[in-house]
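To keep things clear, I will list the structure first and then write my remarks on it.
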Amino acid sequence: MIGRRQLPVSSTISLLSLLRAVAPALGGGAPERAALDAELRRAFGASGIALTDSGTSALVIALRATTPAGGIVALPAYACVDVGAAALFASARVMLYDINPNTLSPDLESVERVLGNGARTVVVAHLYGYPADVPGVSALASAHGAAVIEDAAQGAWGSLSGTRLGAFGPLSVLSFGRGKGMTGSGGGSLLGIGARGREALALAGSLPGAPAGARALATAAAQWALGRPALYALPSAIPALHLGETIYHPAHEPCAITGVSASLVRAALARAEADLAVRRRNAEELVGAAAKVKSVRCITPISGGVPGYLRLPIRVDAARSMSVALGIVRGYPDTLAELTELRSSLVGNEKIPGSLELQRTLVTIPTHAQLTAGDIEKISAWLVD
């Protein structure tokens, strides 16, 4: 018999939101897309929006708007492989900059060096809901005449100095994929913040029409049905699903979000604050337990940063065993420097010791609403083991 297995990350999908998404699946998704556009503008103070089929597609559009083919974009060396896939599809050359392993924010000295070596676009990614220093990078980029793209796919409603992650811009990427906090079972958005962002979005042009939403609805229904600890072991046992693995998926030509995903994201937006409160409460309890263990190093948010706690990242001894039954898993297995598909596009020789440290030692702990008091007690016991 397959036992209980906790999800490393979980985004709420309700039965009611699924039922409401049936009508867009049958056609007529335009009203849902229009309503989501308006709601995202209000939530992030956006002056323009492109609703896309994925966060990767949103990043492709942003890179095309800021980086000519063959131009150099600076990417964080420790990041999701989808960031590299977007740069490849946008025909950009890539320089990597380092990440501070204590904060998960860019190493500003490293950013300064890659800008000095020719990077003219910098992608700044918030990891696991922890704020990255977008203002600090923007100040450096401005001095070099470079553009900044904020990757808030994992922003998870965190904030920095009172500004919501994703609202810095001038171009900001959101993702609504599985496990991104606000899920639409797919989809993404490129936000234009201020006049510069609006102008860049205007240059990007219109997107091809959205595909039918039936597949998105079926995926969301499966996530709702099986994405719970009592049943999650079943899909996890199917190798073809690659659940919990970091898999490279090539980017493709961007298209519009489906009406189904737009409907589901609207429901997620409505409960975003409530979901954040649960994650924050669970994370704070776990941080309290982790802080008592000398062999565990908690990530410290940068000054003014309030994490959204998509997951709780900590650093442990590289040889320590994980507990997949509790949803405790390693972070990204490789840096982008080791991504085979990206190697031919890499330029420069920036050292990335902080990113390599994260590759060796970073572990993530679940924070979502499906944690029980018993789960938190067991995770606390794992921390001191």
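Derivation of every value follows stated rules applied to the coordinates shown; laboratory data play no part. Everything quoted here is computed from the prediction, not taken from an experiment. Cβ coordinates were reconstructed from backbone atoms using ideal geometry, including for glycine residues, and neighbour counts include every protein chain displayed.
Rounded to the nearest 0.05, what FRET efficiency is calculated for residue 163 and residue 237 with R0 set to 35 Å and r the Cβ-Cβ distance?
Details: r = 42 Å, r/R0 = 1.21.
So the FRET efficiency works out to roughly 0.25.
If a/c stays under 1.5 just call it rounded; otherwise compare a/b with b/c (prolate if a/b is bigger, oblate if not). Do that for the stretch 289-345, with a ≥ b ≥ c from the square roots of the Cα gyration tensor eigenvalues. Don't skip to the answer; put the middle values down first.
Working: a/c = 2.16, a/b = 1.41, b/c = 1.54.
Here the stretch 289-345 falls in the oblate category.
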* In the Gaussian network model of the chain, springs joining C-alpha atoms below 10 Å, which of 143, 274, 86 carries the largest mean-square fluctuation? -> 143
* Could you grab the relative contact order for the stretch 1-144? Cα pairs under 8 Å, six or more apart, rounded to a whole percent. => 17
* Asked: What residue among 166, 70, 177 has the largest mean-square fluctuation in a Gaussian network model of the chain, using Cα springs under 10 Å?
  -> 70
* Asked: Which part of the stretch 263-302 falls in the paramagnetic zone of residue 19, meaning amide N under 11 Å from the point 7 Å along Cα-to-beta-carbon?
  -> none
* Could you pull out the trypsin sites (Lys or Arg not before Pro) across the stretch 286-385 that fall in loop regions by DSSP (anything but H, G, I, E, B) with no more than 11 other Cβ atoms inside 10 Å? => 292, 294
* To do: Report relative contact order for the stretch 159-284 in percent, whole number only (criteria: Cα-Cα under 8 Å, sequence separation at least 6).
  => 28
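List 199, 253, 150 from most exposed to least, where exposure is judged by having the fewest other Cβ atoms within 10 Å.
On the way: 199 14, 253 10, 150 29.
Taking fewest neighbouring Cβ atoms as first place, the list is 253, 199, 150.
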* Asked: Considering the chain as a Gaussian network with a 10 Å cut-off on Cα pairs, which listed residue, 317, 37, 275, attains the greatest mean-square fluctuation?
  -> 317
* Counting alpha carbon pairs within less than 8 Å and at least 6 residues apart, what relative contact order, in whole percent, applies to the stretch 102-200? -> 21
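Counting only helical runs of four or more DSSP H residues, what would the 222 nm mean residue ellipticity of the chain come to if each run contributes -39,500 (n - 2.57) and the total is spread over all its residues?
Working: 14 runs with 145 residues, N = 385.
-11000 deg cm²/dmol, from helical runs alone.
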* What is the distance in Å between the Cα centres of the stretch 1-48 and the stretch 100-162? -> 28
* To do: Have a look at the DSSP beta bridges in the stretch 56-157 and tell me what percent are antiparallel, nearest 5.
  => 15
* Using +1 on the beta carbon of Lys and Arg, -1 on that of Asp and Glu, and nothing else charged, what's the dipole of the chain about the Cα centre, debye to 20? -> 600
* **Extension gain from residue 293 to residue 228, taking 0.36 nm per residue of separation minus the Cα-Cα distance** => 20.5 nm
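Counting other beta carbons within 10 Å of each residue's own, what order do 334, 53, 385, 375 fall into, fewest first? All intermediate terms of the calculation are to be shown ahead of the outcome.
Details: 334 15, 53 24, 385 10, 375 18.
Placing the least packed residue first, the sequence is 385, 334, 375, 53.
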* To do: For residue 294, list the lysines whose Cα falls under 28 Å from its own Cα; do not include residues on the same chain fewer than 8 positions away.
  => 378
* Asked: What base-10 log of the normalised intensity I(q)/I(0) is obtained for the chain from the Debye formula, alpha carbons as equal point scatterers, at q = 0.12 Å⁻¹?
  -> -0.89
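What ranking do 345, 110 get, fewest neighbouring Cβ atoms within 10 angstrom at the top?
Starting with the residue having the fewest Cβ neighbours, the order is 345, 110.
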* Asked: Applying 1/(1 + (r/R0)^6) with R0 = 25 Å to the Cβ-Cβ distance of residue 144 and residue 202, what FRET efficiency is obtained, to the nearest 0.05?
  -> 0.55
* Structure fact -> The simple spin-label model distance between residue 340 and residue 377, using points 7 Å out along Cα→Cβ, in nm, is 4.6
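To the nearest µm²/s, what D does Stokes-Einstein give for the stretch 45-150 at 4 °C and 1.567 mPa s, using the Kirkwood radius over alpha carbon pairs as Rh?
Working: Rh = 13.8 Å.
Reported coefficient: 94 µm²/s.
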